[in-house]
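Each value in this text was obtained by applying a stated rule to the coordinates, not by laboratory testing. Worth saying up front: this structure is predicted, and the values here are computed from it rather than measured. Counting neighbours? That spans all protein chains shown, and the Cβs are built from the backbone with ideal geometry, glycine included.
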Amino acid sequence: MKISGVSVGKTDATRTAAEQTILMAFLSDGLTHREIDLIIGQDPKRSKGWISFGVLTGGFNLKGTDRGALFLFGRNEAKRVVRNMILKRNRKVLDRATGSRNKFKILLPYKDTFVLARSPLALQRMLSGEARNAIQRFFESRKRATKICQMQGCREAKGLDTVHLLRTRPILFIKAARKFGVKAGKIYRFDIHAVMELFLKTHMGLHHVAFLCKKHHKLLDDQRNAGGEAYRALVRTLVTGFYAHTSR
Ligand SMILES: [Zn+2]
């Protein structure tokens, strides 16, 4: 997908479409300025993220800390907030949406839940099924928006998997658990709501998951196990090709 006229804004309609893409990428997908310039068809090496930077700071007074502010919202909810921002031409709508308590529906099952375990690893082993389900629920709408396997040239649309790329699900979970385990003697007490919130948020950006058909899921797993530069190159191809066939 390429948006012409991002920098010049030829008409109101193209400007609005470009703004919506940039705001969704920054607030809902949690992409950096450089990543956004990449998906709108600019060379990030040359633009250094300035195109999206101008829209976000100049147009809507957004700061770096706002990146991913709508990441844990449902896709439609995030779209509604972004559309209202464009309509009102300010960030008040965003502040209102992110200021309310219990704003993330995906985290409601974990409210007021604490678990005792000997270590972050022990917690991960116990909650690995839950973490898997949470990831599946969380990425469901994004997967549907992607429609077909992300591997370049593949048109498979059925039975797509959400596949971790650089770090595996258990590693990301343990990283989050470490932050919210309070040690009392030999036992940790984990705040599950906080752990799950951070765990899901560590998936922000372009490089964490891809939506792949069964065949390419297996290919990726095999390549990951082989490791090395070939695997990293494959991941790069996947993430840059992603937005080429995403309709948003
Ligand atoms: Zn495929």
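Considering only F190, I171, L219, and ranking their Cα positions along the charge dipole of the stretch 168-223 that arises from unit charges at the beta-carbon of Lys, Arg, Asp and Glu, the one farthest toward the positive end is F190.
Within the stretch 5-84, list the trypsin sites (Lys or Arg not before Pro) lying in a DSSP loop whose Cβ has at most 16 other Cβ atoms in a 10 Å radius.
Working: sites: K10, R15, R34, K45, R46, K48, K63, R67, R75, K79, R80, R83; in loops: K10, K48, K63, R67.
For trypsin sites (Lys or Arg not before Pro) across the stretch 5-84 that sit outside H, G, I, E and B with at most 16 neighbouring Cβ atoms in 10 Å, the list reads K10, K48, K63.
Per residue, the average separation of C-alpha pairs within less than 8 Å and at least 6 apart gives the chain a relative contact order of 21 percent. Could you check what % of the DSSP bridge pairs in the chain are antiparallel, to the nearest 5? Taking every DSSP beta bridge within the chain, about 100 percent pair in antiparallel fashion. Ranking of T57, T98, T21 by neighbouring Cβ atoms within 10 Å, starting from the fewest: T57, T98, T21.
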